[in-house]
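Here the structure comes first, spelled out in structure tokens, and everything after it is commentary.
The values are calculated or read from the model by the stated rules, or taken from the named source; none is laboratory data. Predicted, not measured: the structure shown is a model, and the values here were computed from it. Using ideal geometry, Cβ is built from the backbone for each residue, glycine included, and neighbour counts are taken over all protein chains shown. The accessibility values were calculated without ligands, DNA or RNA, using every heavy atom of the protein model including side chains. Shrake-Rupley method; radii C 1.70, N 1.55, O 1.52, S 1.80 Å.
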Amino acid sequence: MKFQNKIDFHAHYLPKAYYDFLEEEGLYCPDGFPTPEWDEAWQQEAMGELGISYALLSISSPSLYTGNKFRSRELTRKVNEQGAEIVARSPGNLGFLATLPLPHVHSSIFEARYCLDELHADGVGLMTHYGGMYLGDQRLDELMAELDGRGALAVMPPTQPAVMVPDVNEEIPVPAFEYFVETTRAFLNMVQNDTFTRYPNIKWVIPHAGAFLCVLADRFESFALMLRFADPDRRVDIMEDMVHVYYDVAGFSEQKQVEMLLRNVDASHLLYGSDTPYTDIAACVGQAEALENTEKLTAAQKQMLFSDNAKALLPKLR
């Protein structure tokens with residue numbers, strides 16, 4: 001690896017409480033994708049192979065949503081405390097994002113405060129939806145206000161859509177396509193409801209180079225004009241919102257997405273992401289090398305992507 005001090009904004013961890021949850025729920029192949037094996041030793045080895053000096057750990061799909069408020073609260077507390085313990089054993093090169101018991105807003109505010117103030121989480125991980133309540137839903141406004149007041153970091157990992165079309169793409173794992181649809185859907189819902197405008201201090205990170213946003217931005221903007229014409233008090237500005245947030249480039253983004261994303265977004269808003277351990281380590285190496293060697297980014301932009309932008313977003317890394 002040419003860059004040996006990468007900061008990874010898209011790394012997943014699977015603590016014992018999460019494995020136990022998957023077992024209890026019978027989720028042996030959630031989202032049509034096998035659950036990988038993970039432990040702290042594997043994490044450190046992967047970071048060494050990829051030239052990563054700091055990784056921000058988060059829970060991937062499925063979320064801990066169960067439909068039972070009290071069980072969700074108990075599960076998220078266990079996962080968060082185990083995450084804090086893992087970070088404490090590797091000070092300086094690991095951080096974690098708090099998991100919240102959404103869609104239960106007041107419980108989530110309480111958990112966010114505990115994790116950010118007591119467990120020293122770097123931010124929160126918010127799935128695209130919880131039981132069909134998507135980010136941007138105004139029922140989440142109290143939580144958004146809490147995070148906004150703190151200037152909190154919020155990363156948006158995708159999950160399986162709330163409604164799947166039966167008998168379509170059954171042999172294609174959900175992450176291959178539906179995750180991109182979910183990311184785009186949730187982002188547009190937030191644009192539609194002016195979430196980014198009303199809570200401008202939240203530092204959002206959108207995964208997988210923004211999914212389909214760089215392709216659909218101009219098309220959506222033409223429809224947003226109609227919404228603004230109907231109600232002049234609404235902002236509904238996807239172009240401005242895209243500029244406002246950050247993007248990790250996890251996945252096969254070098255081939256087309258990064259170049260297209262840079263037509264709408266400044267390079268200062270790009271972040272490195274490995275997507276370990278859900279992406280095979282050999283594929284992660286190949287993707288990192290593609291980004292290191294691409295001619296679509298200047299040397300300065302690569303330095304920004306791999307570490308400098310992350311240090312600006314997380315001052316403790318400076």
Task: Output for the range 62-79, where each listed residue is closer than 22 Å to Tyr278 by Cβ and touching a Phe, Trp or Tyr at 6+ places or on another chain (Cβ under 8 Å) - done: Ser63, Leu64, Tyr65, Leu75, Val79
Task: Options Phe21, Phe3, Phe9; residue that is at pLDDT 95 or above and over 20 Å from the mean Cα position of the chain (by Cα) - done: Phe21
Task: Any pair with Cβ under 9 angstrom, 6 or more apart, that starts in the range 25-38 at a residue that is touching a residue at least 24 places away in the same chain (Cβ under 8 Å) and farther than 14 Å from Leu14 by Cα and ends at one that is of a type in the set (Phe, Trp, Tyr) and in a loop (DSSP other than H, G, I, E, B) - done: Phe33/Tyr278
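Yes/no per residue for (1) at pLDDT 95 or above; (2) surrounded by fewer than 19 Cβ atoms within 10 Å (Cβ to Cβ):
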| residue | (1), (2) |
| --- | --- |
| Met226 | no, yes |
| Phe252 | no, yes |
| Thr279 | yes, no |
| Val285 | yes, yes |
TODO: Check Leu64, Leu75, Leu50, Leu57 and return the single one that is in contact with a helix residue (DSSP H, G or I) (Cβ under 7 Å, 6 or more places away or on another chain), crowded, with 21+ Cβ neighbours inside 10 Å and within 19 Å of Ala282 (Cβ to Cβ).
DONE: Leu50
Task: The one condition in (1) open to solvent by 60 Å² or more (accessible area, probe 1.4 Å); (2) in contact (Cβ under 8 Å) with a residue 40 or more places away in the chain that Ala230 fails to fulfil - done: (2)
Open item on the list: With the structure loaded, tell me whether Trp42 is assigned to a helix (DSSP H, G or I), open to solvent by 20 Å² or more (accessible area, probe 1.4 Å), within 16 Å of Ser274 (Cα to Cα) and among the aromatic types (Phe, Trp, Tyr) or whether it fails that test.
Closed with: yes
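Can you find a residue that is open to solvent by 10 Å² or more (accessible area, probe 1.4 Å) and within 16 Å of the chain's Cα centre (by Cα) anywhere in the range 88-102?
yes
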Open item on the list: Just to be sure I understand, how many residues within the range 25-39 are out of contact with any helix residue (DSSP H, G or I) (no Cβ under 9 Å at 6 or more places or on another chain), part of a loop (DSSP other than H, G, I, E, B) and open to solvent by 40 Å² or more (accessible area, probe 1.4 Å)?
Closed with: 4
Open item on the list: Would you confirm whether or not the range 193-202 contains a residue that is over 18 Å from the mean Cα position of the chain (by Cα) and open to solvent by 50 Å² or more (accessible area, probe 1.4 Å)?
Closed with: yes
Task: Restricting the range 111-170 to residues that are among the hydroxyl-bearing types (Ser, Thr, Tyr) and within 15 Å of the chain's Cα centre (by Cα), the residue that is surrounded by the most Cβ atoms within 10 Å (Cβ to Cβ) - done: Thr128
Open item on the list: Please go through the range 1-24 and give me each residue that is in contact (Cβ under 8 Å) with a residue 60 or more places away in the chain and open to solvent by 50 Å² or more (accessible area, probe 1.4 Å), ordered by number.
Closed with: Met1, Lys2, Asn5, Lys16
- [ ] Identify, by number, the condition in (1) touching a strand residue (DSSP E or B) at 6+ places or on another chain (Cβ under 9 Å); (2) free of Cβ contacts under 8 Å to residues at least 12 places away in the same chain that Glu170 doesn't meet.
- [x] (1)
